[in-house]
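Bear in mind that the values in this text are calculations on the coordinates, not laboratory data. In this text the structure is predicted, and so the values were computed from the model without any measurement. Neighbour counts run over all protein chains shown; Cβ positions are idealised from the backbone, glycine included.
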């Protein structure tokens with residue numbers, strides 16, 4: 001690979017890192033080409049992108065980004081693939097966990113950056129899979145805000161027969 005090609009890849013990677021708020025770094029060593037392609041298809045169906053890059057190119061692209069990625073650089077060894085996700089920070093974790101049901105422990109989780117927060121190590125994968133996406137959180141907030149109004153309306157609607165009955169009973173007493 002020539003310097004120009006490496007420079008183009010670094011620029012492409014730098015752009016991808018700046019466009020995607022969420023990215024995961026995985027280790028898919030030991031997987032066959034067919035297994036990696038199956039993993040890519042699963043990622044594509046989930047609306048995320050998986051690509052394999054050289055560790056030095058990943059490092060150089062991250063060095064051009066704002067933020068401190070020093071801890072993440074320690075994970076850049078061996079076979080590294082990057083999963084990019086624009087919308088949901090939990091989508092790559094769910095895809096990794098789903099694919100692992102087919103292949104025990106593959107691909108291995110190295111690190112993730114979610115909204116510039118770093119998660120390094122395999123123990124964080126389950127937590128990342130349980131994170132809620134932005135749209136899920138907005139939906140929960142809307143339902144929580146609607147809940148008191150719905151309760152008042154249902155109480156008023158269910159009580160209209162009772163109120164009418166009370167009024168009639170009071171009229172009949174007079």
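Per-structure values
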read-out	value
The chain: angle of helix 33-45 to the longest principal axis, Cα-based, in degrees nearest 10	30 degrees
Simple spin-label estimate for residue 132 and residue 6 in nanometres, 7 Å along Cα-Cβ	4.6 nm
Angle between the chain longest axis and helix 3-19 axis [Cα atoms, degrees, rounded to 10]	10 degrees
Cα pair count fraction exceeding 27 Å, expressed as % - the chain	41 percent
Calculated FRET efficiency for the pair residue 68/residue 141, C-beta based, R₀ 35 Å, to 0.05	0.70
Degrees between helix 91-100 axis and first principal axis of the chain (Cα, 0 to 90, nearest 10)	70 degrees
Virtual spin-label span in nm between residue 60 and residue 151, 7 Å along Cα→Cβ	6.0 nm
Rg over Rh, two decimals, region 1-64 (C-alpha only, Kirkwood Rh)	0.99
